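The values are calculated or read from the model by the stated rules, or taken from the named source; none is laboratory data. The structure displayed is predicted, hence computed values, not measured ones. Using ideal geometry, Cβ is built from the backbone for each residue, glycine included, and neighbour counts are taken over all protein chains shown. When the accessible area is computed, the model is the full protein with side chains, heavy atoms only, and any ligands, DNA or RNA have been set aside. Shrake-Rupley method; radii C 1.70, N 1.55, O 1.52, S 1.80 Å.
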Amino acid sequence: QVQLVESGGGLVQAGGSLRLSCAASISIFSINAMGWYRQGPGKQRELVATMTTGDTTNYADSVKGRFTISRDNAKNTVYLQMNSLKPEDTAVYYCNALYRWSGYWGQGTQVTVSS
């Protein structure tokens, strides 16, 4: 079992920045991959960014060049740095972990970008 706790969401103006954090209950060294997904109003959940244990990263086209996924192994925490935010980035952001081929989700954190 893996528990994930997200934090860092909030309300920000367009063009601003936020950093989301996802703290895992186990060592992230043992997690195959971690990532961020989001679900906007009336939309399906979509991939934002992922990172494997080998530090391979993958980003949605809509966030490339603006968002950066990173991790702090000592803190068992994965981050999502979001810059140049746009109103269309408004969504609930979820942390995901792939551990022993099972997926785990956090409770989500709301990000609202005002125009």
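When the accessible area of the chain is computed with all protein chains present and a 1.4 Å probe, what percentage of it is carbon and sulfur?
About 47 percent, which is the carbon plus sulfur part of the accessible surface.
Rounded, prolate or oblate for the chain? Axes are the square roots of the Cα gyration tensor eigenvalues, ordered a ≥ b ≥ c, and the cut-off for rounded is a/c under 1.5.
Judged from the Cα gyration tensor, the chain comes out prolate (a/c at least 1.5, a/b above b/c).
Which of G54, G40, G15 moves most in a GNM of the chain, Cα contacts under 10 Å?
Highest fluctuation among the options: G54.
Using DSSP, restrict attention to beta bridges with both residues in the chain and report what percent are antiparallel, rounded to the nearest 5.
Numbers: 39 of 43 bridges.
Bridges in the chain are about 90 percent antiparallel.
Using Cα centres only, tell me the gap between the stretch 1-53 and the stretch 94-115 in whole Å.
4 Å
At 0.36 nm per residue, minus the direct Cα-Cα distance, what do L47 and R66 gain on full extension? Give it in nm, one decimal, please.
Taking L47 through R66 to full extension adds about 5.4 nm, to one decimal.
Where only protein heavy atoms count, and the probe is 1.4 Å, what is the accessible area per residue for the chain in Å²?
Heavy-atom accessible area per residue stands at 52 Å².
Suppose every Lys and Arg Cβ carries +1 and every Asp and Glu Cβ carries -1, with no other charges. What dipole size does the stretch 18-74 come out with about its Cα centre, to the nearest 20 debye?
My answer is approximately 220 debye.
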